Amino acid sequence: MATTPHRNQRRPRRRVGWPTVEWSRRQVLAAAATTAAGLALGACTSRPDRRARVVGPSAGVVGQAEARRRRPGAPVRQVALTAAPASVDLAGRTVTTWAYNDTVPGPLVRLRAGEVLRARLDNRLGEPTTIHWHGVALRNDMDGAPGMNRPPVAPGGRFAYEFTVPDPGTYWFHPHVGLQLDRGLYGPLLVDDPAEPGRYDHEQVVVLDDWTDGIGPTPEQLQAWLAAQGGMMGQGGMGMMGQSGQDASPVLGGTGGQIDYPLYLLNGRPPADPPTIHARPGERLRLRVVNAAAETAFRLALGGHRLTVTHSDGLPVAPVTVDALVVGMGERYDAVITLADGVFPLVAVAEGKRGQALGVVRTAAGAPPAAAVRPGELDGRLLTLEELRADPRVALPARPPDRTHRVVLLGGMRDARWTINGRTFDDAIPLDVREGERVRLLLANQSMMFHPVHLHGHSFQVQTQPGGGVGPRKDTVIVRPMEQFAVDLEAANPGQWMLHCHNLYHQQAGMMTTLSYVSWRQAGRRSAHRLGP
Ligand code: C2O
Ligand code: CU
């Protein structure tokens, strides 16, 4: 059986695994009312149709999509990742955490576009886990989203993820269970483009993280503390272990977050023990920056240099040269830099918080920078979303949307719930799409905090102009308080896909829904949203 049949509004509703749980017509109407009251965006959100069937992870079309991506004879790259308790050294202090293969970040996984990744996961944690391959347009049943496409890997268990990696770019991987990401479980995934000109001499992956494990409260304690706050707005936006403040970050439109972490790491190292990149003056350095933090956006700059941004979330953009850029949780940026002669701080300030991560770029002898160094570039020209343009190779062809869904981001007021369209994930109404459609998501932040919104299995094109069609391709995008804009995508990867805030604590507090492919019971039916009950 390829798909899960609908019977009277049978839709996936709770994270109780597959198949689906029934929900009532009354809930549909209540949800529609909530959405309409919450927002006055022009287009209409389609309502679930009872003739539709959910295209589940084991649907035939999922295998067909994979078959279209797979070249005969494509090389298979094998990696083995063990998730287990580990000790890491933080500037001479040994702390215990959970990590892949005993290192933080986890091992670099690297292959070429079109190759097949076969990644064996051994779970030596005391709880279930998965690996989610963030940003990769992979087959739905390998996406590591528990309850949505496959049960998690049990403690002591093992699973081999296997999928074609279709597109080049800077990606990363992490678990999609509980608060595991706020420990040391994350690693970079690079997919090389065989056709890339490679106009650089050095390449450096820069993975940023906010760190508490073994030093401050546990992630579980942080979560409990956030829940006890009953919403940050009532508390004036206090940070745990510090005061983040509502006006801490104009670029994020308000507070940088609710948690001031005790440490911020660059490639697993704190500022007291920064990693060093060695190169020669005049050489070109490509940085591949990944924000693996749970709750922190970073403002990145290299002292004495400007950054030419070439890729957002792994996909090429028309190059833009800036002094600094802000990277939200889950986002990636690639930048190329022509290096001067000297010793330069690579600083990633915890945006709107206190503290920073540090690296050193060295092309000459000289004293290393101080841990608290603040190069002036941090306050120079900042990259904006509006100035990014997708490279023609990856820009979506202009096409009006076949379907529009509102995605209203709310929360942080009376309680600790964070919601999409007024609902937490356990109660969420999936956003239906059909394979082949052009889908528009209207992202509308009606809360007082920024949210990096991430869609699994796809990248969308940000519509930064009213006419549309000109923004960057991305899979994660920051939506600032009271901001709204559209992102468009091709529904070309059937299955059930998570759409959520990449603030781990918001996601855990409910800010997640499903982009749900559906098909028709009767062939020949056309427009989904015109077939209301
Ligand atoms: Cu980094 Cu649901 O993802
Ligand atoms: Cu959020």
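Screening H456 against (1) modelled with pLDDT of 95 or more; (2) in contact with a strand residue (DSSP E or B) (Cβ under 6 Å, 6 or more places away or on another chain); (3) surrounded by fewer than 22 Cβ atoms within 10 Å (Cβ to Cβ) leaves a single unmet condition, (3).
Right, Q446: within 16 Å of ligand 2 (Cβ to nearest atom) and open to solvent by 20 Å² or more (accessible area, probe 1.4 Å) or not? Working first, answer last.
Working: within 16 Å of ligand 2 (Cβ to nearest atom): yes; open to solvent by 20 Å² or more (accessible area, probe 1.4 Å): yes.
So Q446 fits the description; yes.
The selection criterion, being under 27 Å from Y505 (Cα atoms), open to solvent by less than 10 Å² (accessible area, probe 1.4 Å) and touching a residue at least 12 places away in the same chain (Cβ under 8 Å), does not hold for N149.
Does T103 satisfy the condition of being polar (S, T, N, Q) and within 29 Å of P194 (Cβ to Cβ)? I'd like the intermediate steps shown before the answer.
Numbers: polar (S, T, N, Q): yes; within 29 Å of P194 (Cβ to Cβ): yes.
In short, yes.
Return the residues of the range 417-443 that are of a type in the set (A, V, I, L, M, F, W, C), assigned to a strand (DSSP E or B) and within 16 Å of ligand 2 (Cβ to nearest atom); say none if nothing qualifies.
Residues of the range 417-443 of a type in the set (A, V, I, L, M, F, W, C): 418, 420, 425, 428-429, 431, 433, 439, 441-443.
Restricting the remaining residues to those that are assigned to a strand (DSSP E or B) gives 418, 420, 431, 433, 439, 441-443.
The answer is W418, I420, L441, L443.
Filtering the range 107-149 to residues that are within 14 Å of ligand 1 (Cβ to nearest atom) and either farther than 29 Å from D426 by Cβ or at pLDDT below 95 (or both) leaves P146, G147, M148, N149.
Is there a residue in the range 134-144 that is part of a loop (DSSP other than H, G, I, E, B), basic (K, R) and within 23 Å of the chain's Cα centre (by Cα)?
Restricting attention to the range 134-144, the residues satisfying the condition of being part of a loop (DSSP other than H, G, I, E, B) are 135-139, 143-144.
This time we only want the ones that are basic (K, R), so: 139.
With the extra rule that they be within 23 Å of the chain's Cα centre (by Cα), the set shrinks to 139.
Scanning the range 134-144, I find at least one residue that is part of a loop (DSSP other than H, G, I, E, B), basic (K, R) and within 23 Å of the chain's Cα centre (by Cα), so the answer is yes.
With respect to R414, determine if the residue is over 19 Å from E386 (Cβ atoms), away from ligand 1 (no atom under 16 Å from the Cβ) and part of a loop (DSSP other than H, G, I, E, B). Spelling it out, R414 is indeed over 19 Å from E386 (Cβ atoms), away from ligand 1 (no atom under 16 Å from the Cβ) and part of a loop (DSSP other than H, G, I, E, B).
Sort through V479, V470 and tell me the only one that's at pLDDT 95 or above, more than 14 Å from ligand 1 (Cβ to nearest atom) and either in contact with a helix residue (DSSP H, G or I) (Cβ under 7 Å, 6 or more places away or on another chain) or among the aliphatic types (A, V, I, L, M) (or both). Walk me through it before giving the result.
Details: V470 fails: at pLDDT 95 or above.
After ruling out the rest, the residue left standing is V479.
Might you check whether a residue that is hydrophobic (A, V, I, L, M, F, W, C) and within 16 Å of ligand 1 (Cβ to nearest atom) occurs anywhere in the range 199-206? Full working, then the answer.
Within the range 199-206, the subset hydrophobic (A, V, I, L, M, F, W, C) is 205-206.
The next check asks that each one be within 16 Å of ligand 1 (Cβ to nearest atom); those that pass are none.
No.
Selection of the range 246-305 for residues being aliphatic (A, V, I, L, M), open to solvent by less than 10 Å² (accessible area, probe 1.4 Å) and closer than 15 Å to V373 by Cβ yields L266, L300, A301, L302. Being assigned to a loop (DSSP other than H, G, I, E, B), in contact (Cβ under 8 Å) with a residue 12 or more places away in the chain and of a type in the set (D, E, K, R), is that true of even one residue in the range 355-365? The answer is no; no qualifying residue exists.
The values are calculated or read from the model by the stated rules, or taken from the named source; none is laboratory data. From a predicted model like this one, the values you see are computed outputs, not experimental measurements. Every residue, glycine as well, gets a Cβ built from its backbone with ideal geometry; the counts of neighbours run over all protein chains shown. Areas reflect the complete protein model, heavy atoms only, side chains present, ligands, DNA and RNA absent. Shrake-Rupley method; radii C 1.70, N 1.55, O 1.52, S 1.80 Å.
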